[in-house]
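Notes follow once the structure below has been shown.
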Amino acid sequence: MSEQPRRPRKPGKPYRRPQKDPVRLLAFEALRAVDERDAYANLVLPPLLRKAREKEGPEKFDARDAALATELVYGTLRRQGTYDAVIADCVDRPLREVDPPVLDVLSLGVHQLLGTRIPTHAAVSASVELARVVLGDGRAKFVNAVLRKVARDDLDGWLARVAPPYDEDPEDHLAVVHSHPRWVVSALWDSLGGGRAGIEELLAADNERPEVMLVARPGRATRDELLGEEAAVPGRWSPYAVRLSEGGEPGAVEAVREGRAGVQDEGSQLVALALADAPLDGPDRRWLDGCAGPGGKAALLGALAAERGAFLLASEKQPHRAGLVAKALAGNPGPYQVIAADGTRPPWRPGSFDRVLVDVPCTGLGALRRRPEARWRRRPEDLDGFAPLQRGLLREALEAVRVGGVVAYATCSPHLAETRAVVADVLKRRPGAELLDARPLLPGVPALGEGPDVQLWPHVHGTDAMYLALVRRTS
């Protein structure tokens, strides 16, 4: 049998292997983990970056590589809603029919085009190369075509095209422009109390990179010690807070490595300090953190309690989170104990404590700067799931505190259904408890509203949107 003649190769460019870009590959890997496994970027990204720094050769990351990868991941997640609207305008099919990995590559490319200073040609070519590596040549052509359409205009031009006019639909306009789900825009607007300027500032603040805030744990580290670190400046409100300017690495701080200091938002510090300083009637010997995981507030409370000779019980329902609490409290100079227990079915006797903190599980809408993907995962119906737990924890906290003692109800959400509605409902059904004015316990902090509770805001205070209500048991 004679050999068949070979088909002549079509003229054209010779095949070129796609060039791997370690930074964009890592960013893509992080986004896939967020999408496929419901992972959080702040948990996925650090080990990926650490592994990249440990590599040898051209794939080894330096500080600039790590900074770019971080910006690509967080920037893409923060602006996902806006970028989806832009991409939807550039494809000929519903967005839900675009394969998720393709959409991740497109979103990374759109962020480089509309959200960074990367030159247009570099943003497009780098994204197409990434597509060739992770998707193949066929879908890379689709990515190339879409990104070239996106590149025809800047972010302002695209927003004018894809966002409905404010006068016709204010909430949908803000949702697209500021990349938040519509229901979140509505809820935050209600919590603020109306006005366009405030909600625009809040939504914009949610899309800013948060500062790295440290806490010097009293009796173990001082703020002056932390201020000796490079790129460290004092916090705004907490006497124990130190802010690391851009590029500061908490892991490089000796006190953080040793557990004498920690990474903690200033709003969380203020909640713990307010409870510790609230006026009591009677003794001040036993404190309880009833929802202690992962341990940041417990570590600060434990250090403050130690200075007064008080005992801290830190309780956390989930055993693995109780382990994190124990790690945070390790080395605390005063007496403490960590247990795994359900705060709605507590093992302690009623009236056992002088001060009680319940930082209850919630939707986390107050920390969207740090966990931008949470805004796309939460649904309005999640509020119904949290409501019974939040009320149950506050009711049991009021049983756990003695007459004359104080309970701090805190949550990292400004949603009225998780804040004032919970407190009002519990107090209405339980006589013998009264709200304290929390505002004087946050000295120097401005714009705390009419009280007696306190709502902090990213755009006003530079903190997470922490809520605090202080309740004294009177009978």
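The values are calculated or read from the model by the stated rules, or taken from the named source; none is laboratory data. Only a predicted model underlies this, so the values are computations on that prediction, with no experimental measurement involved. As a convention, Cβ positions derive from the backbone with ideal geometry for all residues, glycine included, and neighbour counts pool all protein chains shown. For the accessible areas, the whole protein counts, side chains as well, though only heavy atoms, and no ligand, DNA or RNA atoms are used. Shrake-Rupley method; radii C 1.70, N 1.55, O 1.52, S 1.80 Å.
Which of the residues that make up segment 398-439 are within 19 Å of S268 (Cα to Cα), of a type in the set (G, A, S) and outside any loop (DSSP other than H, G, I, E, B)? Within segment 398-439, A408, A410 meet the criteria.
Quick grid of which residues meet (1) open to solvent by 10 Å² or more (accessible area, probe 1.4 Å); (2) in contact with a strand residue (DSSP E or B) (Cβ under 8 Å, 6 or more places away or on another chain); (3) within 23 Å of A305 (Cα to Cα):
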| position | (1), (2), (3) |
| --- | --- |
| V233 | yes, yes, no |
| P239 | yes, no, yes |
| R243 | yes, yes, no |
| P250 | yes, yes, no |
| E258 | yes, no, yes |
| V263 | yes, yes, yes |
| A278 | no, yes, yes |
| P283 | yes, yes, yes |
| L288 | no, yes, yes |
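Listed here are the strands (runs of 3 or more DSSP E) enclosed by segment 140-249 that have at least 2 residues being in contact with a Gly (Cβ under 7 Å, 6 or more places away or on another chain): 212-216, 241-244.
Tallying residues that are assigned to a loop (DSSP other than H, G, I, E, B) and open to solvent by less than 10 Å² (accessible area, probe 1.4 Å) within segment 440-463 yields 3. Being at positive phi, open to solvent by 60 Å² or more (accessible area, probe 1.4 Å) and in contact with a helix residue (DSSP H, G or I) (Cβ under 8 Å, 6 or more places away or on another chain) is a description that does not apply to G193. Where strands (runs of 3 or more DSSP E) sit wholly within segment 253-356, those with at least 2 residues that are out of contact with any Lys or Arg (no Cβ under 8 Å at 6 or more places or on another chain) and farther than 18 Å from A469 by Cβ occupy 311-316, 336-340.
Would it be correct to say that V73 is crowded, with 18+ Cβ neighbours inside 10 Å, over 17 Å from L147 (Cα atoms) and not small (G, A, S)?
Working: crowded, with 18+ Cβ neighbours inside 10 Å: yes; over 17 Å from L147 (Cα atoms): yes; not small (G, A, S): yes.
In short, yes.
Residues in segment 345-386 that are free of Cβ contacts under 8 Å to residues at least 60 places away in the same chain, surrounded by fewer than 17 Cβ atoms within 10 Å (Cβ to Cβ) and in contact with a helix residue (DSSP H, G or I) (Cβ under 7 Å, 6 or more places away or on another chain): P350 alone. Against the conditions (1) in contact (Cβ under 8 Å) with a residue 40 or more places away in the chain; (2) buried (at least 18 other Cβ atoms within 10 Å of the Cβ); (3) closer than 30 Å to A276 by Cα, V176 satisfies every one except (3).
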